[in-house]
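Only one structure is covered here, and it is reproduced in the block below.
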Amino acid sequence: MPNLFSNFIKPQNSLYNSFYLCNSLCPLPPSGGGLGRGGRFLCALMLTFSSNLLAQNQLKNFLPESCYQTGEFKQEKTLPSIEQPLVAQGRFAFSCDKGLVWRTQTPLDETTVYRMDGKIWLISEDAQAQELKSKVHRQMGKLLNQLMGGNQRFLEKMFSIRFADGGVELIPKQSRMKKFLQVIDIAKNEQEVVITMRQADQQTMTISVSNIQNPASLDEQVCREATQTPALVCQKLL
Amino acid sequence: MNLLASITERSYQRWSRWILIALTLVLVACVSWTIKSGIRLDTNLRSLSPAFSADAEVNQALNGLSANASQNIVLVIANKDQDLVDDASDLLQKLIDSAQKNPANLIVYSDQSQLMGDYARLLAQHPFHFLGKKSRQLAAEKNAEQANRLALSNLYGSGGQLKLIPVEQDPLGFVNEYALDVLDKIATNIDTESREVDYQGNPLFISPHFLRLNADSLSLSTQKKAQQQIQQIENKIRKEFPAVEFFQSGVIFFAADAAASSQADINKISIGSMLGIVILLFWVFRSLKALILPVVSIVAGVSFAFFFCHSLFGSIHILTIVFGASLIGVVVDYSLHYFYFCVHQQDASNINQDKSPLYRALLLSLLTSVIGYAALSVSGLTALKQVAIFSATGLIYAWLVVMALGPWLVKRVVVYDAGLKKIVTFVLTLMKFGDSSFKLLIGVLLILAVFAFQYSAIQYSDSPRALINQNQALVDQEQLVNSWVASYEPASFVLVKGKQPQEIFDRIALLETLLNHQQGIFPESTALLGVNDLFLSPKDQETNYQLNQWLYQPKDSISVAAKFIQENKLPANNLQQAYQDQKNNLLLPNQFFTADLKTLPPLWIESSQGIVSFMLIPKQTHIDKLKRELDGIEGVSYFSAVDDTRQGLQHLRQAAMKLLLLALVSIGFILAYHYNILKSLHLMAIPLMALSATLVILHLLNVPLSLFHIMALFLVLGLGMDYVVFVAEMTSAQVVSAQAKSTSSAAEFFPAIVLSAVTSLLSFGLLSLSSMPAVNAFGLTLLIGNSINLVGAFWLAAIWQKSFFKTI
């Protein structure tokens, strides 16, 4: 029995794949006891529908389930000219309707607030807030918020989704995005979620998210406790 | 005896045949070349305008700027449902991305990544002369702690999300900070994210897509293909999402619309002209054989003109074809006069009569018409030069065809013009009230007096909008899209001139200081875009280099950079030495704005005359307020292609009026050479009256005069001379006939002139129906002027007929 689900499955265009599989499963004509053409077509249709559902369900397995999340992260940036990766660590808090607080603690203390409405604030360790208006920051903020929020519709719209080696690959559909970002790998185990972004300039960023908590809500107090930041930071988010 | 009078019929025939053979060989060569190169129809409206400026480099740069702007397209998908807009937008992106694989694809997304890559590589070669805003401040303060903190942020944090400059060349990320600031300024919005706007008082979600053409947007073939491609894409999207609306912005849509309406004009005018003329000729001659000479001469003349001009210019402008279609009305005159004269000779049993008077008349007619058209060639407009050459060469070739083929094709041609003769006789009878030279003089003086009286009140219009037929729906859509999407004016710029780069930057800095103090000039969050947004002035680069010394090469301590590199284990390519080597290695704009650069307008032009830098103006800027701020800043000026074209057209109109007088005088000399002074004055009176009366009538109709009205007056002059020359020659011929005791009158030959005038009115008059204001002006002027020419010719014939009958 061929492994139907280890192949490349595109949720949108798998009818052909499914028909081929049905054909290979039941090659004999009706008189030989197998499915007829109509039967094979129905088989393909059902397989497509179910494989789409399956793909969507599989993707869900890799995405956050709760609207509110807090936790810790470790970020490793690999640049082609540097032997050892650049490591940063910190804490975060996320609300699916407000946005993300990303606090880097080592090697520098810096907090970035990515709001769902597109505004981005950079708050320094001495609580000086500066709004970041660049397109680069806006794009990154949007991507992080959608990933953290598990926005499946967004991901399916922007990426081709591929399951391999126990993880999921998100490949940008737009050629313009591909010039900057080649692929996002997401791998998940009980302890952590590892997101690896491979960029076009051979730069790789791996974010390991661990100690994930799902509070019932994210208010200022929960946010401050999770991120250990001054009041200004969570106020900017909420 | 003058030269013209001394040429015999035999000489006419011999010379005309030889010249025809020679020109036919030229035609064959031109046809071969055109078939090889392919026919190019030019709809480029820029060639209709005079040169933007006297400075050739500025013209070139402005052409480059306009060309760059003309390739931009904005497609906006709109609907009240945001999800629908997003889905349709995705499909549009998919369709355009998949079209890239097709080599014939014309539409691509406007993508600045290549540009930024080139720019970043250039910046990386000068890493010690550029600093971002924050890093500059910290370097000036010599704040090591904060500088270190900023460098950490650039490496690990928010500042390091996009590395345009490699870390080995910019370990602190301070140059990268500068490059990201520039990216923000010049990168087009690659984010097609839908957003809400107000549309007719209601909310609407839009998703704008910034596209570019891969080729010159003003060539006819590109326009058609690009329009088709856009239409196919829109149709596919509408099939999936029928409820979405499309809004468009771009020069291509206006150019395509102008080409389509010109095409419609050509069809209307050409078909109308030919049909009218064929019916008229058939009514008079009632023989297909009689149509051969007119049709052959028209086809031959127009073909020669087309292929010759195409070979000479490399293309034919659509305007040339529109005007050229009216050539039909002039060319057919030669055949008409030829038939009439020969038939008249046959009727009088003078089959072997010398045709010299006919040939003289035809030659004079050709000369005066060619002088009239030739004046267009000094107009300074490339397209009008092409019209002049097209018309003159077409006329000459058609004339030669008539001269060569006439003797064979005129045999056994009969004229059925009894009805026309009656009309002519009736009109000549009516003219009896004015059939004296004195009355003609009074008439002409009266018209000249009215003209002189009204001269100061005449209105003029030099608007470049006369050159295009503006589709108001397209204009409204363009304005709507501009209100939603920020972009720059395609044909207006701020020019900054100087001798040295620093001078340019200083003037820009002064301008920006003044503008910063003013409110309400630019739309919110927009400003002029110039070289200062991409590069630092030489002085600022020097300053940065000095500031960087503290970072890279301090005198008495380990540098901030060295310490940072050590602590973070970064690759260090002997930056201290690199800093030393980079001294005086400034990055100047001319290293970036080369001829190969296609994705950004040429904002910097250097020549032996100096430097010209252009600044782009955001759309919906208050131009009057901006102009006021520019006044008084040395070396800074406002340029508008529309204003410049208007001034150019005004200058040409004024020059053309003077050339018209010159043409009148030149023709007068030719006539005086061939005829006596008195007769010449009679002949000149008619076109002079026609010109003055036309201007008076146009003024009474409240039509403001433009260059194209004046250009048409040249043709009024040429056509008027045709008629009066034939009146003069035919009445001279009749004097000879009178001596031979034949009984003929002006009614014998005048129908030819009437037919000639009617065919001209048919072809030129139809131009007045054109939707293009310039062509419409041309046609209306000719319609009025040539009608008066015909009346004048009748008047002249009436005067001389009276003299003729007195002589018998």
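The values are calculated or read from the model by the stated rules, or taken from the named source; none is laboratory data. Because the structure is predicted, anything quoted here is derived from the model rather than measured. Using ideal geometry, Cβ is built from the backbone for each residue, glycine included, and neighbour counts are taken over all protein chains shown. Surface areas here come from the heavy atoms of the whole protein model, side chains and all, with no ligands, DNA or RNA. Shrake-Rupley method; radii C 1.70, N 1.55, O 1.52, S 1.80 Å.
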Taking segment B:733-746 and the residues there that are in a helix (DSSP H, G or I) and over 46 Å from the mean Cα position of the chain (by Cα), the one that is modelled with the highest pLDDT would be B:Ala733
Taking segment B:269-291 and keeping residues open to solvent by 60 Å² or more (accessible area, probe 1.4 Å), touching a residue at least 60 places away in the same chain (Cβ under 8 Å) and over 20 Å from B:Ala757 (Cα atoms) leaves B:Lys289
Is it the case that B:Pro166 is touching a residue at least 40 places away in the same chain (Cβ under 8 Å) and at the interface with chain A (Cβ under 9 Å from one of its Cβ atoms)?
yes
Within segment B:80-89, the count of residues that are at pLDDT below 90 and open to solvent by 40 Å² or more (accessible area, probe 1.4 Å) comes to 3
Of the listed residues (B:Glu489, B:Glu478, B:Glu542, B:Glu524), the one being assigned to a strand (DSSP E or B), out of contact with any helix residue (DSSP H, G or I) (no Cβ under 6 Å at 6 or more places or on another chain) and acidic (Asp, Glu) is B:Glu489
From the option list B:Val76, B:Val58, B:Val108, single residue qualifying as at pLDDT below 80 and either open to solvent by less than 30 Å² (accessible area, probe 1.4 Å) or touching a Cys at 6+ places or on another chain (Cβ under 6 Å) (or both) is B:Val58
Note to self: Residues that are buried (at least 16 other Cβ atoms within 10 Å of the Cβ), under 30 Å from B:Ser113 (Cα atoms), basic (Lys, Arg) and touching a helix residue (DSSP H, G or I) at 6+ places or on another chain (Cβ under 8 Å): does segment A:176-184 have at least one?
What the structure shows: yes
Listed by first then second residue, the pairs whose first member lies in segment A:71-91 and is within 10 Å of A:Ile207 (Cα to Cα) and within 10 Å of chain B (Cβ to nearest Cβ), whose partner is of a type in the set (Gly, Ala, Ser) and buried (at least 20 other Cβ atoms within 10 Å of the Cβ), with beta carbons under 6 Å and at least 6 positions apart or on separate chains, are A:Gln75/A:Ala88
Of A:Leu147, A:Leu170, the only residue that is closer than 25 Å to A:Ala93 by Cα, part of a helix (DSSP H, G or I) and touching a residue at least 12 places away in the same chain (Cβ under 8 Å) is A:Leu147
Residue set B:Lys289, B:Lys239; condition outside any loop (DSSP other than H, G, I, E, B) and farther than 30 Å from B:Val725 by Cα; output residue B:Lys239
The correct count of residues that are at pLDDT 90 or above and under 26 Å from A:Val87 (Cβ atoms) in segment A:110-128 is 9
All-but-one check, B:Leu683 against (1) open to solvent by 10 Å² or more (accessible area, probe 1.4 Å); (2) assigned to a helix (DSSP H, G or I); (3) in contact (Cβ under 8 Å) with a residue 60 or more places away in the chain, failing number (1)
Pairs returned, first residue in segment B:623-647 that is of a type outside the set (Val, Ile, Thr), second residue that is surrounded by fewer than 13 Cβ atoms within 10 Å (Cβ to Cβ), beta-carbon separation under 8 angstrom, 6 or more apart or interchain, are B:Lys625/B:Gly520
**Message:** Given the condition more than 9 Å from chain B (Cβ to nearest Cβ), open to solvent by 20 Å² or more (accessible area, probe 1.4 Å) and either in a loop (DSSP other than H, G, I, E, B) or farther than 22 Å from A:Thr196 by Cβ (or both), answer yes or no: does some residue in segment A:134-144 qualify?
**Reply:** no
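Residue-wise test of (1) at pLDDT below 90; (2) under 26 Å from A:Leu86 (Cα atoms); (3) buried (at least 20 other Cβ atoms within 10 Å of the Cβ).
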{"position": "B:Glu524", "(1), (2), (3)": "yes, no, no"}
{"position": "B:Gly530", "(1), (2), (3)": "no, no, yes"}
{"position": "B:Leu536", "(1), (2), (3)": "no, no, yes"}
{"position": "B:Thr543", "(1), (2), (3)": "no, no, no"}
{"position": "B:Leu551", "(1), (2), (3)": "yes, yes, yes"}
{"position": "B:Ser557", "(1), (2), (3)": "yes, no, no"}
{"position": "B:Lys563", "(1), (2), (3)": "yes, yes, no"}
{"position": "B:Asn573", "(1), (2), (3)": "yes, yes, no"}
{"position": "B:Asn584", "(1), (2), (3)": "yes, no, no"}
Of the listed residues (B:Leu384, B:Leu400), the one being at pLDDT below 75, open to solvent by less than 30 Å² (accessible area, probe 1.4 Å), closer than 21 Å to B:Ile328 by Cβ and not charged (D, E, K, R) is B:Leu384
Residues in segment A:195-211 that are among the hydrophobic types (A, V, I, L, M, F, W, C) and surrounded by fewer than 17 Cβ atoms within 10 Å (Cβ to Cβ) total 1
Here the residues within segment A:103-117 that are at the interface with another protein chain (Cβ under 9 Å from one of its Cβ atoms) and either within 19 Å of A:Leu218 (Cβ to Cβ) or touching a residue at least 60 places away in the same chain (Cβ under 8 Å) (or both) are A:Thr112
Of (1) open to solvent by 80 Å² or more (accessible area, probe 1.4 Å); (2) under 20 Å from B:Leu698 (Cβ atoms), B:Tyr416 fails just (2)
Is there a residue being farther than 30 Å from B:Met657 by Cβ and loosely packed, with under 12 Cβ neighbours inside 10 Å anywhere in segment B:447-456?
no
